[in-house]
1. Once you list every other residue whose beta carbon is under 9 Å from the beta carbon of Arg303, what net charge do they have if Lys and Arg are +1 and Asp and Glu are -1?
2. Send over the semi-axes of the chain's equivalent ellipsoid, whole angstrom and largest first, taken as the square roots of 5 times the C-alpha gyration tensor eigenvalues.
3. Once you've got the Cα coordinates, tell me which of Lys164/Lys290; Lys101/Lys131; Lys102/Lys166; Lys16/Lys166 are over 31 Å apart.
4. Taking Cα atoms, how many degrees apart are the long axis of helix 390-403 and the longest axis of the chain, rounded to 10 and kept between 0 and 90?
5. Taking R0 as 22 Å, what's the FRET efficiency between Ser165 and Phe193 from their Cβ-Cβ distance, rounded to 0.05?
6. Taking only the C-alpha atoms, wrap a convex hull around the stretch 341-398 and report its volume per residue in Å³ as a whole number.
7. Any idea which of Val332, Ile319, Ala297 is furthest toward the positive side of the dipole for the stretch 224-350, if Lys and Arg beta-carbons carry +1 and Asp and Glu beta-carbons -1?
8. How big is the dipole moment of the stretch 217-345 about its Cα centre under a simple scheme where the beta carbon of each Lys and Arg is +1, that of each Asp and Glu is -1, and everything else is neutral? Debye, nearest 20, please.
Amino acid sequence: MKVDVLLGLQWGDEGKGKVVDYLASKYKVVARFQGGPNAGHTLEFDNIKHVLHQIPSGIFREDIKNIVGNGVVLDPVIFKKEIEALKNLNIDAAKNLFISKKAQLILPTHRLLDAYQEKQKGNAKIGSTLKGIGPTYQDKIGRQGLRVGDILMSDFTKRYEVLKSKHLAQMEAKEANDQLEEMEPAFMDAVEFLKTLNLVDGEYFVNEELSTGSNVLAEGAQGSLLDVDFGSYPFVTSSNTMVAGACSGLGVSPSKIGEVMGVFKAYCTRVGSGPFPTELFDETGERLRKEGHEFGATTGRPRRCGWLDIPALKYAIMINGVTQLFMMKADVLMSFDKVRICTGYKLADGTETGKLPYDLVSESVEPIYVELPGWKDTMPASGKYEDLSESLKSYIGFIEKEVGVPIKIVSMGPDRSHTLIR
Ligand code: GDP
Ligand code: IMO
Ligand code: MG
């Protein structure tokens with residue numbers, strides 16, 4: 001069997017959690033392969049809204065195994081809280097949850113370092129979620145990180161102390177020490193809790209599932225434009241959010257990848273700093289934020305909003321080899337009489353391009369827009385795509401023609417049931 005990969009194609013928050021939950025019943029395994037608690041994936045059904053940060057979004061479906069892969073950076077404190085919150089809803093998350101021993105551990109000092117590094121950057125700050133993501137991946141690549149499997153070893157405490165001391169030496173010690181004193185007991189407690197869970201050799205786990213007939217849905221976090229190699233560097237996250245990240249973050253061969261499903265909003269949002277060519281600073285942007293409830297699921301920060309950006313979308317489709325597209329939040333645009341799509345950029349020297357420039361930070365680009373008629377559609381009572389208005393269908397058709405990949409799902413609301421399949 002194959003691993004189908006579902007990815008965000010913009011700057012995160014495209015609605016990945018909703019579609020993973022919707023599709024999960026067709027799979028035996030759902031896997032997270034990168035990122036960590038910087039992610040906030042929202043799922044809504046039976047009038048309840050859930051936000052997952054580290055637990056894969058298949059967790060609400062009976063009999064589906066959920067695995068946190070080696071490419072993930074895991075905060076045991078947040079993980080424990082998430083599992084406990086589900087327990088309060090009578091969901092035994094631990095039963096169907098497996099964690100790769102090779103996933104990296106986020107320590108309390110990684111979180112302190114994240115805040116410290118951001119402060120040092122001043123106005124050039126990334127706008128990190130401050131969950132310790134950057135410093136944890138720095139330690140992984142610097143070959144000094146601690147992994148989930150290390151907690152089972154007799155010298156774990158010693159190794160923890162060594163890394164902690166290195167971290168403290170990088171910060172103003174007094175302030176960090178005071179904060180650490182508060183954070184450490186909860187961390188040690190969560191580490192003990194983590195020991196009671198299913199800690200596995202993730203790469204064997206996934207490959208054995210595949211060879212015994214289970215299909216796997218890999219759930220991306222963040223989005224392609226936040227990818228550490230291909231995103232709007234340096235305003236990115238610290239992992240490969242693209243399809244290749246699913247191979248290295250789970251231990252599966254590229255030959256095992258099946259469908260590549262790209263999720264995008266019918267417009268664009270971004271949270272945190274960094275370039276955003278189609279960002280709207282006016283009343284229209286404000287309206288998008290209000291109608292779309294565009295506030296971060298992890299940090300509550302207002303999301304920056306703008307029109308759909310085709311050059312950026314095409315770029316994300318290209319680097320991922322996307323085979324099918326899912327368009328989210330089409331309902332949010334229903335209060336607009338006319339909508340816009342950016343089809344290219346005008347560069348400072350007056351030339352026009354459909355490609356992303358090398359450095360969006362220093363190269364100022366002016367979006368070139370086309371205007372299309374708006375729509376008033378809500379989720380059709382029939383549940384059929386055919387019953388959408390001609391205006392919405394022509395918006396969809398326009399995007400498909402521009403990018404050359406079919407849009408297979410159109411999402412018309414946050415609830416699981418507000419989903420149209422073509
Ligand atoms: P993720 O990080 O990609 O999983 O996305 P988030 O959960 O951070 O943000 C997506 C937000 O949009 C959540 O509040 C969802 O409940 C909501 N949402 C998802 N799909 C739709 C949709 O089609 N319409 C509307 N109105 N909201 C949606
Ligand atoms: P999901 O999975 C949106 C952004 C942060 C910041 C930058 C770096 O819910 O789509 P980090 O904490 O990773 O060092 O922050 O990336 N960011 C996200 N934006 N959705 C996310 O995840 C994000 N995860 C990180 O706002 O700009
Ligand atoms: Mg999110």
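Read the figures in this text as sums done on the coordinates, not as results from a lab. This one's a predicted model, so the numbers in the text were calculated from it and none came from an experiment. In this analysis, Cβ positions are derived from the backbone assuming ideal geometry, glycine residues included, and neighbour counts consider all displayed protein chains.
1. Neighbour charge sum, excluding Arg303 itself: +2.
2. Gyration-tensor ellipsoid for the chain: 35, 26, 19 Å.
3. Beyond 31 Å between Cα atoms: Lys164/Lys290; Lys16/Lys166.
4. Tilt relative to the chain: about 60 degrees.
5. After rounding, the FRET efficiency stands at 0.35.
6. Working: hull volume 6.6 nm³, N = 58.
Enclosed volume per residue, from the Cα hull, is 114 Å³.
7. Ala297
8. Numbers: 13 positive and 13 negative charges, 12 e Å.
In total the dipole reaches around 60 debye.
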